[in-house]
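Report on the following structure.
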Amino acid sequence: MRKTLVAANWKMFKTPAESTAFLTSFYPLIKSNATTEVILFPSMTSLPALVDAARGKSVEVGSQCMHWLDEGAYTGETSPTMLTAIGATHVLIGHSERRRYFNETDARVNLKLKAALAHGLTPIVCIGEHSEERERNLTANVLKLQLSVALEGIERSALGPLVIAYEPVWAIGSGHNATPAVAEDAHEIIRDHLVSEAGPEIAATTRILYGGSVKPDNIAEITRMENIDGALVGGASLDPVCFSQIIANVTPHPGV
Ligand code: PGA
């Protein structure tokens, strides 16, 4: 069965001192929760300090982005080798803000996913439609295309660690989350498409997170849905008490 997973995407917020102070307040609030896996994605400069502070705790730490090559003349970039060297375990790939502002195309998502899997970094691949695409009934097409290109040329046997985040772009930072029914619909499309792209076993075990205006008061009903296995949380993950309430309110799948 799929263990629920809740991840914090801190975007361009928090210095190293603020990041470790968060963990100091946050960890006592969640450490007795054994049903939900927790991952923090701080900014690049906070990564080393937060990885160190999280050592021995049931919290994992990952990077919000990376290049796909091991090294090279790419000013400003960070490679998968550099991330694993400091102990990061996860990486976000294809977040809509990366797609929109930093040219993270489906083809690059594919290269980054291959690199993450090759380096033992657990990838969270973000996909999702824009509001105009939803209005034009293109949601299923967009999700399937993003997923197909992301998985191109990757052996099914390598896809065990894959996590997907469904993040409708119109719900990110807007205060308007997708209703549980709308989100579940999209998650079902994604899981069905995974069956054809990666086979029924990978489709059954891959966790699909929902992201977009998740809050302590909507997480329970969102995670009650059969195909929603957790959440990727932006704004509401910046405060330790608020984020711990989200984790406490998750509805785990039966039998986990
Ligand atoms: P939000 O962001 O929770 O602030 O809507 C989610 C995300 O960007 O992953």
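For this structure, a couple of remarks:
- In angstrom, the C-alpha Rg and Dmax of the stretch 4-249 are 16.9, 48.
- Cut-off 18 Å, label 7 Å out along Cα→Cβ of THR205, residues of the stretch 137-154 by amide N: 154
- Cα-centre dipole for the chain with unit charges at Cβ (Lys and Arg positive, Asp and Glu negative), debye to 20: 460
- Semi-axis lengths, largest first, of the ellipsoid equivalent to the stretch 1-120 are 25, 16, 14 Å, with √(5λ) applied to each eigenvalue of the Cα gyration tensor.
- Accessible surface computed residue by residue for the chain, with neighbouring protein chains in place and a 1.4 Å probe, gives 44 Å² per residue.
- Each part reduced to its alpha carbon centroid, the stretch 174-243 and the stretch 103-129 end up 18 Å apart.
- Relative to the Cα centre, the charge distribution of the stretch 114-235, modelled as +1 at Lys and Arg Cβ and -1 at Asp and Glu Cβ, gives a dipole magnitude of about 260 debye.
- For a straight C-alpha distance cut-off of 25 angstrom, the lysines reachable from LYS114 (same-chain residues fewer than eight places away being disregarded) are LYS3, LYS11, LYS144.
- Ellipticity at 222 nm from helices only: DSSP H runs of n ≥ 4 in the chain, each -39500 (n - 2.57), divided by the residue count, give -12000 deg cm²/dmol.
- The residue among HIS187, ASN103, LEU162 whose Cα reaches farthest toward the positive pole of the charge dipole of the chain, with charges on the beta-carbon of Lys, Arg, Asp and Glu, is LEU162.
- Of GLY199, VAL256, SER32, farthest towards positive along the dipole that unit charges on Lys, Arg, Asp, Glu beta carbons give the chain: SER32
- When the solvent-accessible area of the chain is split by element, carbon and sulfur atoms take up 54 percent of it, the probe being 1.4 Å.
- Accessible area per residue (1.4 Å probe, heavy atoms of protein chains only) ranks MET66, MET12, MET44 as MET12, MET44, MET66, with the largest value leading.
- Kyte-Doolittle at least -0.5, axis length at least 24 Å by Cα - qualifying DSSP helices, the chain: 180-198
- Farthest toward the positive end of the dipole of the chain, out of ALA8, ILE222, GLY173, is the Cα of ALA8, where the dipole comes from beta carbon charges about the Cα centre.
The values are calculated or read from the model by the stated rules, or taken from the named source; none is laboratory data. These figures come from a predicted structure and were not determined experimentally. Note that we place each Cβ from the backbone using ideal geometry, even for glycine, and neighbour counts take in every protein chain shown. Keep in mind that these areas ignore ligands, DNA and RNA; they rest on the heavy atoms of the full protein, side chains included. Shrake-Rupley method; radii C 1.70, N 1.55, O 1.52, S 1.80 Å.
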